[in-house]
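Peer 1: Structure incoming, see below.
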Amino acid sequence: QVQLVESGGGLVQPGGSLRLSCAASGSIFSIYTMGWYRRAPGKQRELVARITSGGTTNYADSVKGRFTISRDNSKNTVYLQMNSLKPEDTAVYFCNAALPDIVYWGQGTQVTVSS
């Protein structure tokens, strides 16, 4: 069992930055592929970025070059650094921990990009 708690969301102006954090507890964090997903109003949840246990990353095309995912296994935490934010990045952002046969989700944190 894994518990995930996201933090770091908020209101930011276009062009600004935020860093999201997701703290995990309850299992061996380092073995999980960790991901950030988001759900914008009226849209389905989509993958934003993912990092494997070995450190391999992949990103949605819409955030490449602006967002960076990283993990600190010593702190059981995964981060999402978001730069050059756009209004279309407004969404609830969810943290995800995955193995081939099981997935855990956090409760989400709201990110609003608006002037």
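Peer 1: Within region 82-107, track down each residue that is among the charged types (D, E, K, R) and open to solvent by less than 20 Å² (accessible area, probe 1.4 Å). Talk me through it step by step, then tell me what you get.
Peer 2: The first filter runs over region 82-107 and keeps only residues among the charged types (D, E, K, R), leaving 86, 88-89, 101.
The one that is among the charged types (D, E, K, R) and open to solvent by less than 20 Å² (accessible area, probe 1.4 Å): Asp89.
Peer 1: Here is a follow-up. Within region 1-26, work out how many residues are open to solvent by 30 Å² or more (accessible area, probe 1.4 Å), of a type outside the set (Ser, Thr, Tyr), under 21 Å from Ser84 (Cβ atoms) and not in a strand (DSSP E or B).
Peer 2: 5
Peer 1: Are any residues in region 27-86 without any contact (Cβ under 8 Å) to a residue 12 or more places away in the chain and assigned to a strand (DSSP E or B), and if so, which ones?
Peer 2: Those that are without any contact (Cβ under 8 Å) to a residue 12 or more places away in the chain and assigned to a strand (DSSP E or B): Asn58, Tyr59, Asp72.
Peer 1: What about Glu46, is it open to solvent by 70 Å² or more (accessible area, probe 1.4 Å), over 13 Å from Tyr32 (Cα atoms), in contact with a strand residue (DSSP E or B) (Cβ under 7 Å, 6 or more places away or on another chain) and not hydroxyl-bearing (Ser, Thr, Tyr)?
Peer 2: Yes, satisfied.
Peer 1: While we're looking at this one, here's another question. How do the pairs read when you match residues in region 91-115 that are more than 18 Å from Gln1 (Cα to Cα) and assigned to a strand (DSSP E or B) with residues anywhere that are open to solvent by 30 Å² or more (accessible area, probe 1.4 Å) and aliphatic (A, V, I, L, M), using Cβ under 6 Å and keeping only pairs 6 or more apart or on different chains?
Peer 2: Close Cβ pairs satisfying both conditions: Gln110/Val92; Thr112/Leu11.
Peer 1: Would you check if Thr56 is farther than 17 Å from Ile28 by Cα, among the β-branched types (Val, Ile, Thr), over 14 Å from the mean Cα position of the chain (by Cα) and open to solvent by 50 Å² or more (accessible area, probe 1.4 Å)?
Peer 2: Judged against the criteria, Thr56 is a match.
Peer 1: Could you check how many residues of region 25-44 are modelled with pLDDT of 95 or more and not basic (Lys, Arg)?
Peer 2: Total meeting the criteria: 7.
Peer 1: For the structure I just gave you, tell me whether Ser21 is among the polar types (S, T, N, Q), at positive phi, touching a residue at least 12 places away in the same chain (Cβ under 8 Å) and touching a Gly at 6+ places or on another chain (Cβ under 8 Å).
Peer 2: Criteria not met by Ser21.
The values are calculated or read from the model by the stated rules, or taken from the named source; none is laboratory data. Nothing here was measured: the structure is a model prediction, and the numbers come from that model. Here Cβ is always computed from backbone atoms with ideal geometry, including for glycine, and neighbour counts include all displayed protein chains. Quick note on the areas: whole protein, heavy atoms, side chains included, nothing else; ligands and nucleic acids left out. Shrake-Rupley method; radii C 1.70, N 1.55, O 1.52, S 1.80 Å.
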